[in-house]
Amino acid sequence: MRRRGMRTRAGLAAVVLAALAVGCTVESDRKEPPSGGPVGTPGGAPGGGPGSGPGGTALAVKIDNVPQARPQTGLDAADVVYVEQVEAGLSRLMGVYASRVPSAVGPVRSARETDLELLRQFDTPVLAFSGAQSKLLPLIAGAPLRALPPEKAPEDAYYREDTRKAPHDLFVRPAALKAAPRASALESTGFRFGPRPAGGTPETHRTISFPSARFTFDWVEYEGRWRIAMDGERARTSDGKELAASTVVVQYTKVRQSHFHDRSGNVSPFTETVGEGGARVLRDGHAYDARWKRASTEDGTLFTTPDGKPLPFAKGQVWVVYAQP
């Protein structure tokens, strides 16, 4: 596990206190339908396959996940999908891209305080999001990441899809951001990939519920993946591909109120991703009891069996669902 002690503590502390507005977007007159398919920088699956050098940049995109935002575009290409609770018990996704970059991702929405802490495990990641309150801009500028909302991105990076209603119509072209993700950027997550370990309990179905959102994962043996349903509906991309994960991590942690709220006065939850706790890891049709530990904001998250041995994930897309015990 690498530590990045050269980052200034003062700047890092400021980021922890930052939060972004709920629905803040920047208006654009550009309207163009999203296109699907990867466009470059294949680096291999997470934990395997060649990277393009030590370290590397990860691209994180904050993705809308209310029913009006579905189906999403480009979510199937993410190496890791983080599922977080936001205001009113709803959910929002953060896709992290390193091995593959789709031609479009979205709908793009605003980030949260949780994201800023979570992303500090990466080396200066690029964060694509829809905007922020003006009071937060100096804090975001001081964070150890490249913040690229529409007003700071190249003119052709973001566009609005005219078949959708605002604020669920904003999409980003990752190639236009010039993020140059690398598969090796995932090394700092702490994730380990390898053959299925011994033990575990056979399991083919798991549902995780937020106050106003529900995620279901069903193991499909002949596909070797966990099919995903959100709020009772099979999850698909905008081009009809079914969303599925090779590994699902249900990470139990504290979700507390932050000091920030949305325009309607709903308090923004803060998910604590530093510390330790229990987890349930689903892979290869089995469920494993696990422990997670992230010692500091500069560290990735280690997952181990109850007796302390590393718990490897299956190669492929990983979904991490932050749930309360």
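The values are calculated or read from the model by the stated rules, or taken from the named source; none is laboratory data. Because the structure is predicted, anything quoted here is derived from the model rather than measured. In this analysis, Cβ positions are derived from the backbone assuming ideal geometry, glycine residues included, and neighbour counts consider all displayed protein chains. Areas reflect the complete protein model, heavy atoms only, side chains present, ligands, DNA and RNA absent. Shrake-Rupley method; radii C 1.70, N 1.55, O 1.52, S 1.80 Å.
Per-residue answers, yes or no, for (1) β-branched (Val, Ile, Thr); (2) open to solvent by 10 Å² or more (accessible area, probe 1.4 Å); (3) more than 23 Å from residue 183 (Cβ to Cβ); (4) not in a strand (DSSP E or B):
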position	(1), (2), (3), (4)
227	no, yes, yes, no
249	yes, no, no, no
257	no, yes, yes, no
280	no, yes, yes, no
308	no, yes, yes, yes
320	yes, no, no, no
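Scanning for something free of Cβ contacts under 8 Å to residues at least 24 places away in the same chain and under 18 Å from residue 67 (Cα atoms), does region 211-225 turn up at least one residue? I'd like the intermediate steps shown before the answer.
Our first condition is that a residue be free of Cβ contacts under 8 Å to residues at least 24 places away in the same chain; within region 211-225, this holds for 214, 216, 218, 222-223.
Okay, now just the ones that are also under 18 Å from residue 67 (Cα atoms), so 214, 216.
Checked against the condition, which is being free of Cβ contacts under 8 Å to residues at least 24 places away in the same chain and under 18 Å from residue 67 (Cα atoms), region 211-225 yields at least one hit.
Pick out the one residue from 297, 237, 273, 304 that is open to solvent by 30 Å² or more (accessible area, probe 1.4 Å) and on the phi < 0 side of the Ramachandran plot.
Values: 297 fails: open to solvent by 30 Å² or more (accessible area, probe 1.4 Å); 237 fails: open to solvent by 30 Å² or more (accessible area, probe 1.4 Å); 273 fails: open to solvent by 30 Å² or more (accessible area, probe 1.4 Å).
Exactly one residue qualifies, and that residue is 304.
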| field | Number of the exception - residue 290 against (1) surrounded by fewer than 19 Cβ atoms within 10 Å (Cβ to Cβ); (2) in a strand (DSSP E or B); (3) not hydroxyl-bearing (Ser, Thr, Tyr) | value | (1)
| request: Count, please, the residues in region 293-306 that happen to be charged (D, E, K, R), under 11 Å from residue 278 (Cα atoms) and part of a loop (DSSP other than H, G, I, E, B). | output: 0
| note | Of the listed residues (73, 114, 124), the one being touching a residue at least 60 places away in the same chain (Cβ under 8 Å) and open to solvent by 10 Å² or more (accessible area, probe 1.4 Å) is 124
| region 135-154, residues that are more than 15 Å from residue 57 (Cβ to Cβ) and either free of Cβ contacts under 8 Å to residues at least 24 places away in the same chain or β-branched (Val, Ile, Thr) (or both) | 135, 137, 138, 140, 141, 152
| Hits in region 156-179 (condition: in contact with a Leu (Cβ under 9 Å, 6 or more places away or on another chain) and small (Gly, Ala, Ser)) | 157, 179
| message | Condition first: assigned to a loop (DSSP other than H, G, I, E, B), small (Gly, Ala, Ser) and open to solvent by 10 Å² or more (accessible area, probe 1.4 Å). Now tell me which residues in region 83-111 satisfy that. | response | 103
| message | For region 49-70, which positions are open to solvent by 10 Å² or more (accessible area, probe 1.4 Å) and at pLDDT 95 or above? | response | 66, 67, 68, 70
| query | Which one of 143, 185 is in contact with a Pro (Cβ under 9 Å, 6 or more places away or on another chain) and either assigned to a loop (DSSP other than H, G, I, E, B) or buried (at least 20 other Cβ atoms within 10 Å of the Cβ) (or both)? | reply | 185
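State the number of residues belonging to region 208-255 that are of a type in the set (Gly, Ala, Ser) and in contact with a strand residue (DSSP E or B) (Cβ under 7 Å, 6 or more places away or on another chain).
Adding up the residues that qualify gives 8.
For region 174-190, does any single residue satisfy the condition of being among the basic types (Lys, Arg) and modelled with pLDDT of 95 or more? Even if it seems obvious, please write down each step before you answer.
Going through region 174-190, the residues among the basic types (Lys, Arg) turn out to be 178, 182.
Filter once more, so that each one left must be modelled with pLDDT of 95 or more: none.
No, every residue in region 174-190 fails to be among the basic types (Lys, Arg) and modelled with pLDDT of 95 or more.
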| Complete set of residues in region 160-185 that are hydroxyl-bearing (Ser, Thr, Tyr) and more than 18 Å from the chain's Cα centre (by Cα) | 163
